[in-house]
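Asker: To start, I am sharing the structure in question, which I have written as structure tokens.
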Amino acid sequence: MISNSLIVIVKLFTIMKKPKLSFWQIWNLSFGFLGVQIGYSLQNGNTSRILEAYGADVHSIGLFWLAAPLAGLIVQPIIGLSSDKTWTRLGRRIPFIFFGALVSALAMYFMPNAGSFTHLIPPLIFGASALLLMDTSFNVTMQPFRSLVGDMVNDEQKNLGYSLQSALINFGAVFGSLLPYILTELNVANVPAAGEKVADSVIWSFYIGGSILLISVLWTVIRTKEYAPKEHATYNNINLDAPETKEKTNILELISNAPKIFWQLGVVQFFSWFALFLMWVYTTRAIANQVWGPEALDAKSLGFNEAGNWTGVMFGFYSGVAAIFALMIPSIAKLIGRKKTYSFSLFLGGIGLLSMYFIHDKTLLLFSMIGVGIAWASILALPYAMLSSSLPANKMGVYMGLFNATITIPQIVSGVLGTIIASYNFSPIIITSIAGVSLILGGFSVFSVKEKSSDLV
């Protein structure tokens, strides 16, 4: 009798455990992120360039960028909560991924064409509005991708799941960042035509990026089958009939009950994303002044547009480094632990950004990006791998959405402080150095994170 009971218990445990997925199943889960990151990288590398061409002043350009994190702060928790409670024939995360991708692509088609709508709205306002729409839809798409890996991948494979997602993100970032440079090398005009404000190389980059985004997301939609409600409940030990399962979700209560690691990682995230935002906003102008000098003062000049292209090359290079390093993260983390891997990566990123201050040759700037790439890979993978195992499965989406505040709030603070610093005529290269110091502080703060003993590999 006792032995029979033990067999039943063992069988129940086996049923409750999520199945091990093949490499290609995990690949398909995140493949759409490849296209999303192409779009996101085009945004990061070219938004300042586009907005300056439309008339934005470099001292206040950080304020325009605030639209993006503000959108994410509001949208991500709503999408996370909604996707937790949504069940359709396509799944619960995939409908949001597909809708967000569709709107993202449309926004990308509009962003570099603000000059075509001057009879309706000033181009700078149109460009800022397109940025808001583009980033909001990116957020709608990205958040469910994070939760999808948490839903589908078991604890043993989460390092692999999020590292592979990080690698795909960075393969996309390489292509997106390099696309304007590649088109210029193919003799697409890199200086605006007479009467235009944005170069054809940028316009066509956004067209191509938006189209690839749609195609890659469709691949994930078609190739991924989410667990049905009963399967999901069984694998995650959720009682669908329990009263707490049917209760309305209170965001404030969720925040107050968040696991400690949520807040500990939040501190690391603050320093990391504060730095990244400064880097994305000010790198083009920083290297234009540092490398090209007076010939790049005018936002429509050849020097400035060459600096814009080289920013794309730099960002593509660090994304390439990140893609390679992301594939190494599971092995390194297994050897020395997640915390040391995470911390040392941020230290290297900070050193890379600080080194830019001393470099006046564009090719040597690529060496600075090696550290940034290592840091970027870890930022995209390790916080989510560390956090997801501590979250309740039936609230994975909303908590991932709330965790996005640890990305958006530091960007808002960074945008405001960056604008204040720039208003005192601090050189943009000084601002990127401040970003380096912030990454180093993030590296130190990793040591305050306390993981569960089962999550240490």
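The values are calculated or read from the model by the stated rules, or taken from the named source; none is laboratory data. Values in this document were obtained by computation on a predicted structure and should not be read as measured data. Using ideal geometry, Cβ is built from the backbone for each residue, glycine included, and neighbour counts are taken over all protein chains shown.
Asker: Could you list, ordered by first residue, the pairs with Cβ atoms under 7 Å in which the first is in the range 316-344 and over 15 Å from Ile379 (Cβ atoms) and the second is surrounded by fewer than 17 Cβ atoms within 10 Å (Cβ to Cβ) and modelled with pLDDT under 90, at least 6 apart or interchain?
Answerer: Final answer for the pair search is Lys334/Val457; Gly337/Leu456.
Asker: If you take the residues of the range 197-228 that are touching a Gly at 6+ places or on another chain (Cβ under 6 Å) and among the charged types (D, E, K, R), which of them is nearest to Val140 (Cα to Cα)?
Answerer: Looking at residues that are touching a Gly at 6+ places or on another chain (Cβ under 6 Å) and among the charged types (D, E, K, R), I get Glu226.
Asker: In the range 178-225, which residues are free of Cβ contacts under 8 Å to residues at least 40 places away in the same chain and either part of a helix (DSSP H, G or I) or under 30 Å from Arg146 (Cβ atoms) (or both)?
Answerer: Of everything in the range 178-225, those that are free of Cβ contacts under 8 Å to residues at least 40 places away in the same chain and either part of a helix (DSSP H, G or I) or under 30 Å from Arg146 (Cβ atoms) (or both) turn out to be Ile182, Leu183, Glu185, Asp200, Trp204, Ile208, Ile222.
Asker: Within the group Glu306, Glu295, which residue is crowded, with 17+ Cβ neighbours inside 10 Å, of a type in the set (Asp, Glu) and part of a helix (DSSP H, G or I)?
Answerer: Just one listed residue meets the conditions, Glu306.
Asker: Let me ask something else about it. Given the conditions (1) farther than 24 Å from Glu52 by Cα; (2) in a helix (DSSP H, G or I); (3) out of contact with any Asp or Glu (no Cβ under 9 Å at 6 or more places or on another chain), which single one is not true for Asn289?
Answerer: Just one mismatch for Asn289, condition (1).
Asker: Name the residues in the range 51-103 that are in contact (Cβ under 8 Å) with a residue 24 or more places away in the chain, among the β-branched types (Val, Ile, Thr) and farther than 30 Å from Val416 by Cβ, would you?
Answerer: Result: Ile94, Ile97.
Asker: Let me ask something else about it. Which of the residues spanning the range 292-311 are hydrophobic (A, V, I, L, M, F, W, C) and touching an Asp or Glu at 6+ places or on another chain (Cβ under 7 Å)?
Answerer: Within the range 292-311, Trp292, Ala299, Phe304 meet the criteria.
Asker: So, Val36, is that one at pLDDT 80 or above and closer than 25 Å to Ser166 by Cβ or not?
Answerer: yes
Asker: Looking at this structure, is Tyr181 hydroxyl-bearing (Ser, Thr, Tyr) and modelled with pLDDT of 85 or more?
Answerer: yes
Asker: Among the residues of the range 399-410, is any closer than 30 Å to Ala228 by Cα and in contact with a Lys or Arg (Cβ under 6 Å, 6 or more places away or on another chain)?
Answerer: Yes - at least one qualifying residue is present in the range 399-410.
Asker: Hey, any hits in the range 326-335 for a residue that's part of a helix (DSSP H, G or I), modelled with pLDDT of 90 or more, over 30 Å from Ile50 (Cα atoms) and over 26 Å from the mean Cα position of the chain (by Cα)?
Answerer: yes
Asker: When you go through Phe145, Phe171 one by one, which is the residue that is surrounded by fewer than 21 Cβ atoms within 10 Å (Cβ to Cβ) and within 16 Å of the chain's Cα centre (by Cα)?
Answerer: Phe171
Asker: While we're here: Looking for whichever is over 21 Å from the mean Cα position of the chain (by Cα), assigned to a helix (DSSP H, G or I), under 30 Å from Ile74 (Cα atoms) and of a type in the set (A, V, I, L, M, F, W, C) here; the options are Ala435, Ala422. Which one fits?
Answerer: Ala422
Asker: When you check Ile409 against the structure, is it without any contact (Cβ under 8 Å) to a residue 60 or more places away in the chain and either surrounded by 18 or more Cβ atoms within 10 Å (Cβ to Cβ) or in a helix (DSSP H, G or I) (or both), yes or no?
Answerer: Spelling it out, it is not the case that Ile409 is without any contact (Cβ under 8 Å) to a residue 60 or more places away in the chain and either surrounded by 18 or more Cβ atoms within 10 Å (Cβ to Cβ) or in a helix (DSSP H, G or I) (or both).
Asker: Continuing with the same structure: Pairs under 6 Å by beta carbon, first residue acidic (Asp, Glu) in the range 150-173, partner outside any helix (DSSP H, G or I) and at pLDDT below 80, six or more apart or different chains?
Answerer: Pairs that qualify, where the first residue is acidic (Asp, Glu) and the partner is outside any helix (DSSP H, G or I) and at pLDDT below 80, are Asp155/Ser389.
Asker: Looking at (1) among the polar types (S, T, N, Q); (2) surrounded by fewer than 18 Cβ atoms within 10 Å (Cβ to Cβ); (3) in contact with a His (Cβ under 8 Å, 6 or more places away or on another chain), which is the only condition Ser390 fails?
Answerer: The single condition Ser390 does not satisfy is (3).
Asker: Do we find that Val281 is in contact (Cβ under 8 Å) with a residue 40 or more places away in the chain and surrounded by 21 or more Cβ atoms within 10 Å (Cβ to Cβ) in this structure?
Answerer: So Val281 fits the description; yes.
Asker: Give the range 291-302 a look and list any residue that's over 15 Å from Pro180 (Cα atoms) and not hydroxyl-bearing (Ser, Thr, Tyr), or say none.
Answerer: Hits for the range 291-302 are Val291, Trp292, Gly293, Pro294, Glu295, Ala296, Leu297, Asp298, Ala299, Lys300.
Asker: Of (1) of a type in the set (S, T, N, Q); (2) within 17 Å of the chain's Cα centre (by Cα); (3) at pLDDT 90 or above, Thr283 satisfies all except one. Which?
Answerer: (2)
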